[in-house]
Amino acid sequence: MKLNTTFDEKQCIIAIEGSIDALTAGELEKAVTDAAPQCEKMILDMSGVDYISSGGLRVVVGANHTVGKGNLTLRGLSPNVLEIFRLTGFTKVLNIE
Amino acid sequence: MKKTKPIFIKLLLIILPLTLAAEIIALLVIYALTYESTIDQYKKKVQLVSTEIASVFEGCDPSNPEDYSSFNWYLNSVCSMTDMAYIYCIVPNKEDNSIKYMSIGFGEDATTEARVTHYPGLVIKNAAHPEEFDAINGKLTDNIREEHNKYGDTLISYSPVTQHYDAATDSIVKGDITMVVGAEMSITEIVRTFRRTFIMIMVYLSLVSTLIVLGILAVVYKKVSLPAREISRRMSGYVTNRETEKREEKLSVKGNDEFALMAVSFNTMTEEIDRYIDHIDTLTRDKHTQEAELNIARRIQMGLLQPERKSDARLDLHAYILPAKDVGGDLYDYQILEDGRVFLAIADVSGKGISAALFMSRAVTLLHQFMLTETSPAKILAEYNDTLASQNPSGLFITTFLAVWDPVTEKLTYSNAGHNFPYILSDSLIRLQGAHGVAAGLFEGEEYENETVRLKAGDTFFLYTDGVNEAKNTEGKFYSTERLEEKLAACSKNAKADALQIILDDLNSFTQGADQNDDITMLSLNILPKSDRITLSLRSELSELTKIKEAILGLAIGGDMKKTLYLAAEEIFVNICSYAYDTPDEVEVGIDLTDRVELCFIDGGKPFDPTADVLNIDEYDHDHRIGGLGRFLVFSVADEYSYEYTDHKNILRLYFQQEEN
């Protein structure tokens, strides 16, 4: 998994590439925690993500809590990643572009 | 080596006896001749004495013995004067072969015994000699006898007393010879002196001649044997000695004989040999350096190629490459992509040696790179051709066959740039067909076509370069495409998986070690029959997830299916790692691929039924609760599942239907 965090005024964008699974979720969690204090809004660019498991879901949901409800946006979800969010019902509570 | 017998010894053994024998014969002849002439003067002397004394007795009357014996004193003095031993007058009697002394005189050489026993009137029987009768019979001269006995060597001459005085008639009577005068002379001393002198001469002559012979042989030894030995010593082991010893001086050339000629020839020969060996040494050194460099080049080149064996759950790859020289122009490559597709390539650069090897290195690097970024073999070949052709000062080209096999669709898509079409060993032998394409590297902008064929489980895909069919045996015959196809057809009946090894063995038995003219390269992809079961014995640690991931990626199933399987496997495995054991322990993960996929997890941890109490997503608090999602996902994506706790083990089975293609 590759992570690239960029800041645009009060908005931060974390671009993720690869698989978010039990082994890599920790890295993403750290990137989120590091970036959160410096941004009001956070965008997770997941156009490069081909796989996500429940470990990854937990980090995404955790990020939603950290930056505050409604301040997290998921971008560029591939069909099978979106399917995981849909299955678990998170499409209802997360901002997905 | 046999001990050398010098030639001068041989000559000595022949020449010396011959010389000595010749000398002895010559001396014996000379001895005989000189002896006669030496003795001759003494013969004349004794004859003169006997003749003279015979005439003295002509005035005596035979009937008066006193006449004769009165001459004794006279004979004594004649003996002294003439060096005679005895002078006597005798009457030989033919009747009883006796002689009767009439008168006798003794000289210095007379023996004491003879002086006592001989006197006038003495008759000795059987003492007459033939010469005495010859004299009586009127032979006047040459009645000479030599006697050699215990008294020494004696010359005796007899002369007849041819007339006598007859007192009755007072006249001289002629004829009627009855008396003979003998004069004896001792020649013992003369003969001894003569012989001694002769022996001295003989000894000196022999010594001189022996010395002469030895002198000649010494010259022979110095002029023939020594140079011959020296040349021989230099010749034997010349080549081996020159390795260890300092090079010797040249043979010295003295005079202008055959040996000088031989020494000159030998020197010329050694110079030539030295030059030749030095030349070979240089060549060998250069060759070793070159070989070492080529070996390194070869290792680098072979390092660019994939391993000769690669296997996973559904396929078996086998490659073989044998460059004709140290570095080759052939290459093979393969790549198993993450989604399970398999790329295969085989190629043959025109030409051999370093330039071909460098071109090959570029080609294999390019192919390998393009396989990762592009899926269509035809497009890869086009790009590969353009890149190679853009920088190809030597004008080399490379025939290349590229194929990609999709395990989901079991389709083999291929494209050809001027290479031999490979074969598929299925129910029968199939030679691939399609556009032949232009060999890569020559012209930019060439386009290639894709063809598709089915390569199903159990089939073998066989690629080769023309080094196989054009391999020659010792008689110069080609292995031939016919023989290759015949063997492959036989393999397709019952030994598809071993095709490459069978062809290789057959090729080796055909060539029988004949010189190899071209690189020989073969590549085979054997698709294993389905329904293989994979069992992974793991530790309950998260890092083991990568092994599960690799195993699932290696399955001959679609990419989405792999993601689904991995999602379920990850969630279950993470749960086991988190809860089953207090400290990491064994977990067995089984994957069974038939018409559906079965995932099986076995652990010896705390009894836990993951199928119970799966959360109801509709009642899930998305804002606050974040636990239980994993198990929910697993049972959402699995088509069927079962759990049992048997023999102190949790056994969970998940089933997934394969997607229709």
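If you go through the stretch A:78-88 and pick out every residue that is in contact with a helix residue (DSSP H, G or I) (Cβ under 7 Å, 6 or more places away or on another chain) and either more than 9 Å from chain B (Cβ to nearest Cβ) or exposed (fewer than 15 other Cβ atoms within 10 Å of the Cβ) (or both), you end up with 1.
Is there a residue in the stretch B:545-561 that is of a type in the set (K, R), assigned to a strand (DSSP E or B) and at pLDDT 90 or above? Show your work before the answer.
In the first step, residues of the stretch B:545-561 are kept if they are of a type in the set (K, R); the result is B:547, B:549.
Those still in the list that are assigned to a strand (DSSP E or B) too: none.
The answer is no, given that none of the residues of the stretch B:545-561 is of a type in the set (K, R), assigned to a strand (DSSP E or B) and at pLDDT 90 or above.
Within the stretch B:533-548, residues that are in contact (Cβ under 8 Å) with a residue 60 or more places away in the chain sit with their Cβ atoms under 6 Å from residues that are of a type in the set (V, I, T) and assigned to a strand (DSSP E or B), at 6+ positions apart or across chains, in these pairs: B:I534/B:I591; B:S540/B:V587. The number of residues in the stretch A:18-29 that are under 12 Å from the mean Cα position of the chain (by Cα) and either at positive phi or away from chain B (no Cβ under 14 Å) (or both) comes to 1.
Would you mention how many residues in the stretch B:407-449 are of a type in the set (A, V, I, L, M) and closer than 19 Å to B:A497 by Cβ? Residues flagged as of a type in the set (A, V, I, L, M) and closer than 19 Å to B:A497 by Cβ within the stretch B:407-449 amount to 5. Among the residues of the stretch B:552-562, is there at least one that is of a type in the set (D, E), surrounded by fewer than 19 Cβ atoms within 10 Å (Cβ to Cβ) and either within 11 Å of chain A (Cβ to nearest Cβ) or closer than 23 Å to A:E83 by Cβ (or both)? Within the stretch B:552-562, one or more residues are of a type in the set (D, E), surrounded by fewer than 19 Cβ atoms within 10 Å (Cβ to Cβ) and either within 11 Å of chain A (Cβ to nearest Cβ) or closer than 23 Å to A:E83 by Cβ (or both).
Scanning the stretch B:606-641 for residues that are under 25 Å from B:M561 (Cα atoms), within 12 Å of another protein chain (Cβ to nearest Cβ) and charged (D, E, K, R) turns up just one, B:R631.
Given the criteria assigned to a helix (DSSP H, G or I), in contact with a strand residue (DSSP E or B) (Cβ under 9 Å, 6 or more places away or on another chain) and either in the same structural domain as B:I144 (by TED's automatic domain parsing) or free of Cβ contacts under 8 Å to residues at least 24 places away in the same chain (or both), does B:A21 qualify? No; evaluated as a whole, the condition is false for this residue.
If you check A:A63, A:A35, which single one turns out to be more than 9 Å from every other protein chain (Cβ to nearest Cβ) and under 16 Å from B:D623 (Cα atoms)? Lay out the reasoning, then the answer.
On the way: A:A35 fails: under 16 Å from B:D623 (Cα atoms).
The match here is A:A63.
Taken together, B:N526, B:N517 contain a single residue that is touching a residue at least 24 places away in the same chain (Cβ under 8 Å), touching a helix residue (DSSP H, G or I) at 6+ places or on another chain (Cβ under 6 Å) and polar (S, T, N, Q), which is B:N526.
Being open to solvent by 40 Å² or more (accessible area, probe 1.4 Å) and either on the phi < 0 side of the Ramachandran plot or of a type in the set (A, V, I, L, M) (or both) narrows it down to one of B:N526, B:N517, so name that one. Steps first, answer last, please.
Details: B:N526 fails: open to solvent by 40 Å² or more (accessible area, probe 1.4 Å).
None of the others qualify; the one that does is B:N517.
Looking only at residues that are open to solvent by 30 Å² or more (accessible area, probe 1.4 Å) and either within 15 Å of B:D647 (Cβ to Cβ) or touching a Pro at 6+ places or on another chain (Cβ under 9 Å) (or both) in the stretch B:578-605, which one is farthest from the other protein chains (Cβ to nearest Cβ)? Out of the qualifying residues, it is B:G604.
The values are calculated or read from the model by the stated rules, or taken from the named source; none is laboratory data. The structure displayed is predicted, hence computed values, not measured ones. Virtual Cβ from ideal backbone geometry, glycine too; neighbours counted across all protein chains shown. Just so you know, the surface numbers come from the protein's heavy atoms only, side chains and all, with ligands and any DNA or RNA stripped out. Shrake-Rupley method; radii C 1.70, N 1.55, O 1.52, S 1.80 Å.
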